[in-house]
There are 2 protein chains.
Amino acid sequence: MTTETPTTPSGSAARTPTDAPGDATADGRRLRGDRSRRAVLDLAVQDASVRGLEALTLGSLAARLPVNKSGIAGLFGGKEGLQLAAVEHARGMFVDAVVVPAREAPPGLARLWSLVRCWSDYSRRRVFAGGCFFRTVEVEFDTQDGAVRDAVVAAHRDWTSYLRRHAELAVGAGELAEGTDVDQLAFEITAMLNAANDGSLLLGEDAVYDRALAAVRGALAARGADPAALAAG
Amino acid sequence: MTTETPTTPSGSAARTPTDAPGDATADGRRLRGDRSRRAVLDLAVQDASVRGLEALTLGSLAARLPVNKSGIAGLFGGKEGLQLAAVEHARGMFVDAVVVPAREAPPGLARLWSLVRCWSDYSRRRVFAGGCFFRTVEVEFDTQDGAVRDAVVAAHRDWTSYLRRHAELAVGAGELAEGTDVDQLAFEITAMLNAANDGSLLLGEDAVYDRALAAVRGALAARGADPAALAAG
DNA sequence: ACACTGTACGAACGGTCGTACACTCATCTC
DNA sequence: GAGATGAGTGTACGACCGTTCGTACAGTGT
């Protein structure tokens, strides 16, 4: 992946191998298939955010959709194909829910803080029924390897490097203290956000989101950020 | 659970319903059973820390042990019984690996910092093959309910309340600033430790443990802790 | 008209899961 | 001794898993 910036919700996410470029033609068959794929994935990411990608079941999905079990298998080429497509689909939803709204703030510290707030809202709003989709699947594929794990890791790196980039911009613009360890900062920010997500799910306490925001605000202030730039939630 | 203090590794963890008190007699049959249970659980917690408790399989466990598949089922009364026993077994191992060693430090700030360092070591040493056992199963049972989830939540509360208690002691002893929000502090500490565990597993970077320790040290110092009391890792 | 492609179906496949049951054997109780 | 108890085995069962196959049909191109 060359783009450092998370791309807009991948318009053409999961496609069959033979995907010759330049076919912008509207094939009725493909349209129908894409609509079916979309319906399956909308359900699959919700399920996976709760139970994980391994717990996804072709039969269970098919039972709740006007699609046959073997139809789903054919649509994605098998279960692993479905899992990979689900990761990509979730990535698009994440970008829509977090990255795009945060773009209203200018690059640098403002964008960084906006990302933190948008992520908190994204988790709190339960865009995915099981909290952040990627939290679930990251822990699930922690210690395995294969294509799915690679996709999960790639999504994770994409997100953290985006955070890190805007931290660097903030340092360059003098909004954060010179010499700030942006890796350390990104680590602390993601740690707080993830902890809020997990705590909210496990204990049902909503206060954890405020705790996370307060902690991030503290981490930024400790690095010289203007407190006025860190509007309250 | 009335004890605020994590108990020593539960000597009699998983027992069959009829468990009349006062039977300290050494029944040869029971001894044999306990030995078998222990062997099964030693394997089960390792598996579960990697793949989760739902992915545990009686057949897979039995294939690697001198025990029959239905033998395991009988030993624990079924799969859920095995899962519950695994949580209890892991709890004991956690106490042995983290709580007991940390007891060398006196209560208060020193104990708190010792717990942080011991937890970091516990995760880094891979006491469980899949990193912290409880991280895996917490995320797994985030959004479900049932006896297993309750056990996981109880273990979680046990740990965090233990942290919080020593934070309170530190405040009371003047080692941390008066008015310190101990819930916030406990939140930040667990967030950092968990993030180190997860990051180490997902990305294979060992540096995250140092990042976590540095962040916790910062969080404690910001609350007035004597930097000299926070020995380096 | 024809061949070709992609979606979708229904049925069947081999495999694995957890559970249940009947049974043997060692051990403890009375 | 007799009888109860618990560990452990072996077999069988029903349920569900992902995959595969043959088939039908709609849409596209020539």
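FYI, it's all coordinate maths here, none of it is from the lab. It should be emphasised that the depicted structure is a prediction, and the values quoted were computed from it without experimental measurement. Positions of Cβ are backbone-derived with ideal geometry, glycine not excepted, and every protein chain shown enters the neighbour counts.
Computed quantities for the displayed model
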| item | result |
| --- | --- |
| Of all residues making up segment B:132-147, the number that are closer than 15 Å to B:A86 by Cα and surrounded by 21 or more Cβ atoms within 10 Å (Cβ to Cβ) | 8 |
| All positions within segment A:191-206 that are facing another protein chain (nearest Cβ under 8 Å) and surrounded by fewer than 21 Cβ atoms within 10 Å (Cβ to Cβ) | A:L202, A:L203 |
| Qualifying residue in segment A:92-106 (condition: within 16 Å of DNA strand D (Cβ to nearest atom) and not β-branched (V, I, T)) | no |
| Residue among A:A147, A:A154, A:A177 that alone is within 13 Å of chain B (Cβ to nearest Cβ) and either closer than 23 Å to A:L43 by Cα or in contact (Cβ under 8 Å) with a residue 40 or more places away in the chain (or both) | A:A154 |
| Residue within segment A:112-126 that is out of contact with any Lys or Arg (no Cβ under 6 Å at 6 or more places or on another chain) and facing chain B (nearest Cβ under 8 Å) present | no |
| Residue within segment A:103-113 that is free of Cβ contacts under 8 Å to residues at least 40 places away in the same chain and assigned to a helix (DSSP H, G or I) present | no |
| Subset tally (residues that are within 14 Å of chain B (Cβ to nearest Cβ) and part of a loop (DSSP other than H, G, I, E, B)) for segment A:49-76 | 6 |
| Single residue of A:A215, A:A225, A:A186, A:A221 found to be under 18 Å from the mean Cα position of the chain (by Cα) and of a type in the set (A, V, I, L, M, F, W, C) | A:A186 |
| Meets criteria (of a type in the set (V, I, T) and either away from chain A (no Cβ under 12 Å) or without any contact (Cβ under 8 Å) to a residue 40 or more places away in the chain (or both)) for B:V216 | no |
| Hits in segment A:24-79 (condition: more than 6 Å from DNA strand D (Cβ to nearest atom) and β-branched (V, I, T)) | A:V40, A:V45, A:V50, A:V67, A:I72 |
| Qualifying positions in segment A:102-123 - among the charged types (D, E, K, R) and over 14 Å from the mean Cα position of the chain (by Cα) | A:R103, A:E104, A:R111, A:R117 |
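Residues checked against (1) part of a helix (DSSP H, G or I); (2) closer than 22 Å to A:D198 by Cβ:
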{"residue": "B:Q144", "(1), (2)": "no, yes"}
{"residue": "B:R149", "(1), (2)": "yes, yes"}
{"residue": "B:V153", "(1), (2)": "yes, yes"}
{"residue": "B:R157", "(1), (2)": "yes, yes"}
{"residue": "B:A170", "(1), (2)": "yes, no"}
{"residue": "B:D183", "(1), (2)": "yes, yes"}
{"residue": "B:L193", "(1), (2)": "yes, yes"}
{"residue": "B:G199", "(1), (2)": "yes, yes"}
{"residue": "B:L202", "(1), (2)": "yes, yes"}
